[in-house]
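> Pasting a structure below so you can have a look.
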Amino acid sequence: MEYKGVSSTKVKISKVALKLFLINGIKGTSTREIAKGVGITEGAIYKHFSSKNQIAYELFKFYMEKFRKHLIEKSEHGKYPQERIDLLISAFFDFAKTDTSGYNFIMLERFTELKNLPDDFIKLKDMFVKYISQGMSSHYFRQNDLNLAASMVIGLLTRVILFHENKMIKLDDDNILEEIKSSVIKILR
């Protein structure tokens with residue numbers, strides 16, 4: 001985790017906390033354990049964060065922003081609705097593989113934080129809604145509730161990624177991606 005203009009101690013606290021949160025859960029991790037992992041006193045944590053929940057929220061916000069930027073960068077060049085959705089799916093899958101800790105934290109451990117993000121924060125769902133809406137406007141995708149369509153696509157992606165990470169799916173990444181993309185188009189058309 002990188003913070004521009006932030007003390008190295010705050011970065012260390014964040015890294016240790018992320019690791020412990022993924023192992024023990026947020027409730028199962030104490031600030032004492034975080035401090036011990038960093039090599040500082042428990043009180044020193046409070047110079048950088050007001051609480052353990054603030055650490056978790058800042059980690060969530062950081063990784064959501066990183067994930068969002070990754071999705072935008074990888075999908076913005078698509079010309080047609082299906083191409084945009086395909087690129088978004090590939091980027092989603094890629095982020096889960098290349099930043100596994102960040103992905104697992106925001107998608108599995110702390111997804112409930114979405115309601116605490118500022119209203120103007122562009123969420124992952126919003127990106128799918130945008131491209132699905134474009135596909136509906138051009139009559140490439142059938143009319144549907146945008147949030148429902150986005151949740152079905154994201155739900156499909158997250159479950160497949162979870163099964164793949166747990167070695168419950170034996171296909172290689174390319175075959176998995178093709179199956180996901182094919183299924184998503186069937187959902188949307």
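> Do we find that ILE34 is buried (at least 20 other Cβ atoms within 10 Å of the Cβ), without any contact (Cβ under 8 Å) to a residue 60 or more places away in the chain, farther than 18 Å from LEU108 by Cα and not assigned by TED's automatic domain parsing to the domain that holds SER101 in this structure?
Criteria met by ILE34.
> Quick check on HIS70: is it in contact (Cβ under 8 Å) with a residue 12 or more places away in the chain and touching a helix residue (DSSP H, G or I) at 6+ places or on another chain (Cβ under 8 Å)?
yes
> From LEU156, LEU177, LEU171, grab the single residue that is more than 22 Å from ILE23 (Cα to Cα) and touching a residue at least 60 places away in the same chain (Cβ under 8 Å).
One residue alone meets the criteria, LEU177.
> If you don't mind, there's one more thing I want to ask. Scan the range 9-30 for residues that are in a helix (DSSP H, G or I), among the β-branched types (Val, Ile, Thr) and surrounded by fewer than 20 Cβ atoms within 10 Å (Cβ to Cβ) and jot them down. Working first, answer last.
Taking the range 9-30 as the starting set, the residues that turn out to be in a helix (DSSP H, G or I) are 9-24.
From what is left, the residues that are among the β-branched types (Val, Ile, Thr) are 9, 11, 13, 16, 23.
Residues satisfying the conditions are THR9, VAL11, ILE23.
> Same structure again: So, in the range 130-189, of the ones that are aromatic (Phe, Trp, Tyr) and in a helix (DSSP H, G or I), which residue ends up nearest to SER75 (Cα to Cα)?
If we take residues in the range 130-189 being aromatic (Phe, Trp, Tyr) and in a helix (DSSP H, G or I), then TYR131 is nearest to SER75 (Cα to Cα).
> May I pose another question? Could you count how many residues in the range 130-146 are within 23 Å of the chain's Cα centre (by Cα) and aliphatic (A, V, I, L, M)?
Looking only at that region, the number is 2.
> Considering SER90, SER75, which residue is under 30 Å from HIS139 (Cα atoms), modelled with pLDDT under 95 and under 17 Å from the mean Cα position of the chain (by Cα)?
Within the list SER90, SER75, the selection yields SER75.
> Just to verify a result, which residue in the range 30-48, among those that are of a type in the set (Val, Ile, Thr) and out of contact with any Ser or Thr (no Cβ under 6 Å at 6 or more places or on another chain), is farthest from SER14 (Cα to Cα)?
THR41
> May I pose another question? Answer with yes or no whether GLY43 is touching a Leu at 6+ places or on another chain (Cβ under 9 Å), over 24 Å from ASP173 (Cα atoms) and outside the structural domain of VAL160 (by TED's automatic domain parsing). Explain how you work it out, then say what you get.
Details: touching a Leu at 6+ places or on another chain (Cβ under 9 Å): no; over 24 Å from ASP173 (Cα atoms): yes; outside the structural domain of VAL160 (by TED's automatic domain parsing): yes.
No.
The values are calculated or read from the model by the stated rules, or taken from the named source; none is laboratory data. Fair warning: this is a prediction, and the values are worked out from it, not measured in the lab. In this analysis, Cβ positions are derived from the backbone assuming ideal geometry, glycine residues included, and neighbour counts consider all displayed protein chains.
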